[in-house]
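Participant: Have a look at this one before I ask anything.
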Amino acid sequence: MNLDERKYVLIGGVLFICVVFVLRLFWIQVVDQHWAARAADISERKITVFPSRGLIIDRHGELLVANTPVYDIMVVPREVKGLDTLGLSQLLNVPMDQVRERLRKAAEYSVWKPSEFEKQITAGQYAAISVQLYKYPGFYAQSRTLRTYPPHVGAHMLGYISEVNARQVERDPYYKPGDMIGVGGLESYYEKELRGRRGVKYVVVDVHNNIQGSFNGGEFDTLAHAGKNLYTSIDLQLQSLGERLMQHKKGSIVALDPKTGEVLALVSSPAYDPELLTGRVRNSNYRILQQDSLRPLFDRALQAQYPPGSIFKLAQAAIALQEGVINLNTGFPCNKALVGCHNHPYAANVEQAVQFSCNPYFYQVFKREVEQGAAKNRFEDAALGLAKWKTAMESFGLGHPPHLDLPAVKGGSIPGVSFYNRIYGEKAWSFSTIYSLSIGQGEVLVAPVQMANLAAIFANRGYYYDPHLVRAIGSPDSLNMHVQRHHTMVDDQWFPPLVEGMRRVVNEPGGTARQARIPGITVCGKTGTAQNPHGKDHAVFIAFAPMDDPKIAIAVYVENSGFGGTWAAPIASLCMEQYLTDTITRPDLMQRMLEADLIATEGNYTKFVSKRRKQ
């Protein structure tokens, strides 16, 4: 066979194969209706499999944050045919104009890809919707989980989850529009550990949106990996009690285990039920909370910065003893001409000065710290003394944010030479300009978590661990979180006398915190009253217990409530008793603290919460 003949044979073979394919396609598409019906009835669908977010658990295994199933209604615009918009509006409880608008936006995004039409429908709501959804081609349900808070406490420290914004999607390629992300608290700080990793599942569905099975045997599916659980140091009973005691009050409670730095309770008040920021009502509730005059979204335990008041005298005395400007038996008369003070016996030594909280005593102590005669010029001498003082104060964890596993922690302020040079000019200020620092007033500021840490330092007689909330990730038996021990610049020998002074504050006549006593337990504490130029003074109390084997250190700050021993000390005492003994033996004191309303004006939030409770 020559070349020309071979050419014709090859062309004939190709033409024959083409005719066969055309005839077969004609048979399938025109003659045999089975295949047309099958193609119309069955299609492939890609379903995102959202992982379960990690749980958050307290120190005793109680759930702080859990998951509950919800459903998103998805739409594929190209599959929508003969839509009954009125019926869909009634089924999903979505206004008619919103139905049309959402369909328009979905089509603008993609007619081929699914878009979220209605989000976070509860399991109970979906049960009624699912039996009707087949009537609406192009619509189907996709499951995911929603956060729930069984104890209804700890909103500030736990945080919440919200839909990612465009900026977050740009910054992290893991996220896609519609994904959820942790906002604030542990949800944000441990986002990568909690979120897990999403998966994909391809299924075959019929015209009624019923799944017929996996596509191609699941060959292209990827598994979702659940997020890791967080095992925290929070004591749920203590946290719940703290939030109850702080109702109708502005302020905070921070409790630590001084031996480890573990946070036992973190209370900010006014608080709010974390359930308010879940589900389809999150946005509207957030606006209500955001606009409230009492600022319930503000985390006072971590972000409020206050003058510490007289609790600052503990650090003042420790530094003065270390620098040798006083000794244990140094006494000063209560000269009210120097600075105002309450009536009390003469403080003949450091222990009594702490017990009586004598302002003129610590005025003299700070004067000796600042004016040590290191320079002949009094301005230069004050600058040298203040610089040493600032460095020593910072060793107590003051003046800088603590290394806490929560976002947006404030560090207060310990003013130094450069600070006063900016205000008054170089060599233009001296002790007489800054003496208010002696009693924790003036420009010094601390956050409540730092106050609790100060109590832990005296409980430990000179050192502290970085405060932290999470003990383990993934498994309660996993390696504990690494925390560092920090020593102050004050030698251990100077702490026991000051601790004795703290014991006297609570347990001896003339002490300023007699209401903090706990039957059978030796409490050591220190009251403070921080001046408030805008109204009634703030009350503060720090303490630890028991004296010889401390298991809890605590700070309570109650705004606009006056003397620290009146409200802050009893609240701290009740919290310590609950934690140490698992009971409250002073019901009358408990009732008085619960009933106290120290908020003069009621904000929108209070009305909002009251209304919800009545419903």
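Since every read-out is calculated from the coordinates, none of them should be taken as a lab result. Values in this document were obtained by computation on a predicted structure and should not be read as measured data. Glycine gets a Cβ as well: all are built from the backbone with ideal geometry, and neighbour counts include every protein chain shown.
Participant: Go through A224, A555, G385 and say which Cα lies farthest out towards the positive end of the charge dipole of the chain; charges sit on Cβ, +1 for Lys and Arg, -1 for Asp and Glu.
Facilitator: The residue sitting farthest along the positive end of the dipole is A224.
Participant: What does the highest-first list of 551-560, 283-292, 112-121 look like by mean Cβ count within 10 Å?
Facilitator: 551-560, 112-121, 283-292
Participant: Another question, then. Quick one: helix 3-26 against the long Cα principal axis of the chain, what's the angle to the nearest 10°, folded into 0 to 90?
Facilitator: Approximately 70 degrees, to the nearest ten.
Participant: When the chain is fully extended, how far beyond the present Cα-Cα distance does R514 get from S293, taking 0.36 nm per residue of separation?
Facilitator: 76.1 nm
Participant: If you place +1 on the Cβ of every Lys and Arg, -1 on the Cβ of every Asp and Glu, and leave all else neutral, what size is the dipole of the chain about its Cα centre, to the nearest 20 Debye?
Facilitator: 980 debye
Participant: When all C-alpha to C-alpha distances in segment 45-232 are sorted into bins of 10 Å, what percent of pairs does each bin hold, rounded to whole numbers?
Facilitator: 8, 31, 34, 21, 5, 0
Participant: Find the Rg to Rh ratio for segment 344-422, where Rh is the Kirkwood radius over alpha-carbon pairs and Rg uses the same atoms.
Facilitator: My calculation puts Rg/Rh at 1.08.
Participant: How much length would be gained if the chain were fully extended between Y346 and Q531, taking 0.36 nm per residue of separation minus their Cα-Cα distance, in nm to one decimal?
Facilitator: Length gained, Y346 through Q531: 64.2 nm.
Participant: Could I have the simple spin-label model distance between K135 and N327, label points 7 Å from Cα toward Cβ, reported in nm to one decimal?
Facilitator: According to this spin-label approximation, the distance is 9.4 nm.
Participant: Tell me, I181, I73 in order of fewest to most beta-carbon neighbours within 10 Å?
Facilitator: I181, I73
Participant: While we're here: Per-residue HN-Hα couplings for segment 345-353, Karplus 6.51 cos²θ - 1.76 cosθ + 1.60 at θ = phi - 60°, whole Hz, x for Gly and Pro?
Facilitator: Listing the rounded values in order: x, 5, 8, 8, 7, 5, 4, 5, 4 Hz.
Participant: If you take every residue apart from C524 with its C-beta less than 15 Å away from the C-beta of C524, what net charge results, scoring Lys and Arg +1 and Asp and Glu -1?
Facilitator: +2
Participant: Exposure proxy check: M74, M489, M246 ranked by fewest other beta carbons within 10 Å?
Facilitator: By the 10 Å Cβ count, ascending, the order reads M489, M74, M246.
Participant: Give, in whole angstrom and from largest to smallest, the semi-axes √(5λ) of the equivalent ellipsoid of segment 247-318, with λ running over the eigenvalues of the Cα gyration tensor.
Facilitator: The answer is 31, 16, 8 Å, longest axis first.
Participant: Just to confirm a number: summing +1 for Lys and Arg and -1 for Asp and Glu over residues other than V506 whose beta-carbon lies under 11 angstrom from that of V506, what do you get?
Facilitator: Cβ neighbours under 11 Å give a net charge of +4.
Participant: Can you list the residues, at least 5 places off or on another chain, whose amide H is less than 5 Å from the amide H of E118, using H built in the peptide plane?
Facilitator: Counting only residues 5 or more places away or on other chains, the set is I73.
Participant: Between M96 and H225, how high is the FRET efficiency from 1/(1 + (r/R0)^6) when r is the Cβ-Cβ distance and R₀ = 25 Å? Nearest 0.05.
Facilitator: 0.05
Participant: Next question, about the same structure. In the chain, how does Rg compare with the Kirkwood Rh, expressed as the Rg/Rh ratio over alpha carbon atoms?
Facilitator: Using only Cα positions, Rg/Rh for the chain is 1.18.
Participant: Using only Cα atoms, tell me the angle between helix 96-109 and the longest principal axis of the chain; keep it within 0 to 90° and round to the nearest 10.
Facilitator: Once rounded, one gets 80 degrees.
Participant: Among 391-398, 442-449, what's the highest-first ranking by average C-beta atoms within 10 angstrom per residue?
Facilitator: Descending packing order for the listed peptides: 442-449, 391-398.
Participant: A further question follows. If R₀ is 22 angstrom, what is the calculated FRET efficiency for the pair T433 and Q303, using the beta carbon separation as r and rounding to 0.05?
Facilitator: Result of the calculation: an efficiency of 0.15.
Participant: Then there's this: What's the angle, to the nearest 10 degrees (0 to 90), between helix 495-507's Cα axis and the longest principal axis of the chain?
Facilitator: 90 degrees
Participant: Now for a separate question. Pop a pseudo-label 7 angstrom from the Cα along the beta-carbon direction at both K113 and T68 and give the gap in nm to one decimal.
Facilitator: Computed distance between label sites K113 and T68 equals 3.2 nm.
Participant: Projecting each Cα onto the charge dipole of the chain (Lys/Arg +1, Asp/Glu -1 at the beta carbon, about the Cα centre), which of Q132, V164, I521 comes out farthest on the positive side?
Facilitator: Q132
Participant: Ranked highest first by the average count of other Cβ atoms within 10 Å around their residues, in what order do 98-106, 362-370 fall?
Facilitator: Top to bottom by mean Cβ count within 10 Å: 362-370, 98-106.
Participant: Tell me, what ³J(HN,Hα) does each residue in segment 457-472 have, in order and in whole Hz, if you take phi through Karplus 6.51 cos²θ - 1.76 cosθ + 1.60 with θ = phi - 60° and put x for Gly and Pro?
Facilitator: For segment 457-472, the Karplus curve yields 4, 6, 4, 8, 6, x, 8, 8, 9, 4, x, 7, 9, 9, 8, 7 Hz.
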